[in-house]
Amino acid sequence: MRSRVRSAVVAAAAVALLATAAVPASASRPAPGESGAGDAYFPFAGNGGYDAVHYDLDLRYQPPAAAPAPLTGRLDAVATVTIVPTRHLTSFNLDLRGMDVESVVVRNRPAEFTREGDELIVTPKTILPRGKAVDVVVTYGGATGRPTDIEGALYGWVTTRDGAMVASEPDGSMTWYPVSDHPTDKATYDVAVTVPEGLVAVGNGDLVGSDTAGGWTTWEWSAREPMASYLVTASVGNYELRQTATPGGLPLIDAIDRDLAPAASAGLAQTAEMIALFETHFGPYPFSSYGAIVDDDSVGYALETQTRPIYSTRANEGTVAHELAHQWMGNSVSPARWQDIWLNEGWATYASWLWGEHDGGAPAADRFAAVMARPESNAFWQTVVADPGPLGLFASAVYDRGAATLYALRQEIGADAFGALSREWPARYRDSVATTDDFQALAEELSGQDLEDFFDVWVWTAGKPAVP
Ligand code: ARG
Ligand code: ZN
């Protein structure tokens, strides 16, 4: 309970901070959009005053010259962002870190713009009426490097020896395109990436086509299901594209680095069987295609980029199961605030336990017991998983205590109610976002039980819960 109060205070403080940027908006008076979506952990992530509904990204990328040159490339791009104002807008922000902006055009007219921190502030010639979609065209470019998040981990557009690995959780999309960079503002995407002939650029969703002229190849990708910005990729490498399908007819597009030994992608072999297993637990696979990117460079982790997770140097079977489970748990239903990330990582970790058991490995009960075997004095138990702090997003407790919480919840409400919850959670919040309280409410609705004490002990309080 205590941490819930603390987080509310932090959120209120963040909102107060943001409010200084904007005139309090009555629904009818024209006003600027806020510089953030109101996330207590990342106050400037996302923006207020509009919904971004579609991104059309046209990128040209020159990777680094042959090693040992420094790992810097060159990106030149035009981003067309379709926004729908939620009030009469006098100005609005996009998130963008680095890059030089050459021009911003709104409704076919040049707009004024300034840069402030990671904010691109756009003032159109005329007020943008509430509810009317407009195209914002940003022409920009710059040198690419190896950006890092607040923890110091590589993220965003990460320049590699032969291309780029693009993995942007939580707020790294702003390193490569102007964006409303928060999961609450999902959008569809058309992404075209032009790279030197011979290289392959891989995006989310469906491959529309590729076209080579004058030594450059343009790869066009289309993601028709709404997507949170941290799940967008446009990775570039020396990939072999493999197009297959599951027995159920779901197109699979894998991009496997030609410089890797076959063993590096062996963990992908059971992808179709994993999809079938998770469909029995979580309902129909939520998107129109799937596949993997396995790069011989590394950002130090794998990421569940929508429809097409990216792996650093190898795709291990357990990780493949984890990233697949995220397509339901994290991608279709996403965290409404970054503090809710245990709903991503707990579910994906729990799902990899299910896969392991299904595939003849350790039973989920043993995986749960292994988590609970950690002594009370272990610092692991000090993370409050429903409010781990911006530096604790990827703490091991978010994953393992998160998974143990779901296992314990199954004991608490029974297999039938838990099975219903596992299907209803991604169904009810499909293509949307939700909070820990939303999850508790659904668990209570489907079980008919009061789960306040359970959630208090397992996710809102530090310290080791009693083994059920
Ligand atoms: N969501 C990813 C996964 O567990 C992990 C991302 C880790 N990111 C980081 N910056 N450390 O599948
Ligand atoms: Zn994960």
For this session: Note down the relative contact order for the chain as a percent, whole number, built from C-alpha pairs under 8 angstrom at least six residues apart.
Result: 12
Exercise. For the chain, what is the calculated [θ] at 222 nm in deg cm²/dmol (nearest 500), taking -39500 (n - 2.57) for each run of four or more DSSP H residues and dividing by its residue count?
Worked result: -8000 deg cm²/dmol
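Just to verify a number: FRET efficiency for ALA153 and ASN316, C-beta to C-beta distance, R0 = 22 Å, to 0.05?
0.70
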Exercise. Once amide H atoms are placed 1.01 Å from N in the peptide plane, what residues at a sequence separation of 5 or more from PHE113, or on another chain, have their amide H within under 5 Å of its amide H?
Worked result: THR123
Exercise. Which aspartates and glutamates does LYS464 reach when only Cα atoms under 18 Å apart count, and residues fewer than 8 places away in its own chain are ignored?
Worked result: ASP366, GLU376, ASP387, ASP400, GLU412, GLU452, ASP453, ASP456
Exercise. Label point 7 Å out from LYS132 along Cα-to-Cβ: which residues of the range 47-65 have amide N under 19 Å?
Worked result: 49-54
For this session: Report the GluC sites (Glu not before Pro) located in the range 317-400 that are in a DSSP loop and have at most 16 other Cβ atoms inside 10 Å of their Cβ, or state none.
Result: GLU376
For this session: Quick one: which residues, 5+ away or cross-chain, put their amide H under 5 Å from the amide H of TYR239? H built at 1.01 Å from N.
Result: VAL200, ARG258
Exercise. Tell me, what HN-Hα J-couplings in whole Hz come from the Karplus equation 6.51 cos²θ - 1.76 cosθ + 1.60 at θ = phi - 60° for each residue of the range 91-97, using x for Gly and Pro?
Worked result: 7, 8, 10, 10, 8, 7, 10
Problem set entry | the range 238-327 - percent relative contact order, Cα under 8 Å, separation 6 or more | 30
Exercise. Of all accessible surface on the chain at a 1.4 Å probe, what whole percent is carbon and sulfur?
Worked result: 53
Exercise. Distance from the Cα centre of the range 192-206 to that of the range 392-463, in angstrom?
Worked result: 38
Exercise. In nm, to one decimal, how far is the modelled label at ASP437 from the one at ASN108, with both set 7 Å along Cα→Cβ?
Worked result: 4.6
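The values are calculated or read from the model by the stated rules, or taken from the named source; none is laboratory data. The shown structure was predicted, so the numbers you read here are calculated from the model rather than taken from an experiment. As a convention, Cβ positions derive from the backbone with ideal geometry for all residues, glycine included, and neighbour counts pool all protein chains shown. Each accessible area value is taken on the protein alone, full model and side chains, heavy atoms only, with ligands, DNA and RNA left out. Shrake-Rupley method; radii C 1.70, N 1.55, O 1.52, S 1.80 Å.
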